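I have placed the structure first, in the form of structure tokens, so that the comments after it can refer back to it.
Bear in mind that the values in this text are calculations on the coordinates, not laboratory data. Since this is a predicted model, take the numbers as computed values, not measurements. Cβ placement follows ideal geometry from the backbone for every residue including glycine, while neighbour counts extend to all protein chains displayed.
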């Protein structure tokens, strides 16, 4: 699936940091944006317990624990998060396609990268109002910026 460029007339419902690409119209888009918004804001504001709380207890992130989470994300900043697709494969599940750029200390970045472009599918589990991220999977290889 080809995604529009990050800066193509996306909109930020509610004025948040997460852009929704043109053409994304699934009724669950606002819910999905809210979850991703909470995650991105918590990372960028260095509120690591809040960021980890967005993840479902069955996720690898939660199983690894807060100390590992903080160590892995302590230098991360997320830029230009954009939702490119939302679908609901089941009533209690959403798939959210997201791109963003991260900057981080190269010692904590993938493959020693200080800047990385991500293209992910987040699997969210619900139901409302407690949607959480169960996992994130790469859709394309990581690219340095």
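Quick notes on this structure:
Here is a yes/no grid of residues against (1) outside any helix (DSSP H, G or I); (2) in contact with a helix residue (DSSP H, G or I) (Cβ under 7 Å, 6 or more places away or on another chain):
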| site | (1), (2) |
| --- | --- |
| 30 | no, yes |
| 36 | no, no |
| 41 | no, no |
| 46 | yes, no |
| 52 | no, yes |
| 58 | yes, no |
| 62 | no, yes |
| 68 | no, no |
| 71 | no, no |
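For every residue, the table says whether it meets (1) closer than 21 Å to residue 20 by Cα; (2) free of Cβ contacts under 8 Å to residues at least 40 places away in the same chain; (3) touching a helix residue (DSSP H, G or I) at 6+ places or on another chain (Cβ under 8 Å).
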| site | (1), (2), (3) |
| --- | --- |
| 99 | yes, no, no |
| 109 | no, yes, no |
| 119 | yes, no, no |
| 122 | yes, no, yes |
| 125 | yes, no, no |
| 129 | yes, yes, no |
| 133 | yes, no, yes |
| 137 | yes, yes, no |
| 144 | no, yes, yes |
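- Residue 116 meets each of the listed conditions (1) touching a strand residue (DSSP E or B) at 6+ places or on another chain (Cβ under 6 Å); (2) surrounded by fewer than 18 Cβ atoms within 10 Å (Cβ to Cβ); (3) closer than 24 Å to residue 24 by Cβ apart from (2).
- Count - residues of the stretch 58-86 that are in contact with a strand residue (DSSP E or B) (Cβ under 8 Å, 6 or more places away or on another chain) and exposed (fewer than 14 other Cβ atoms within 10 Å of the Cβ): 2
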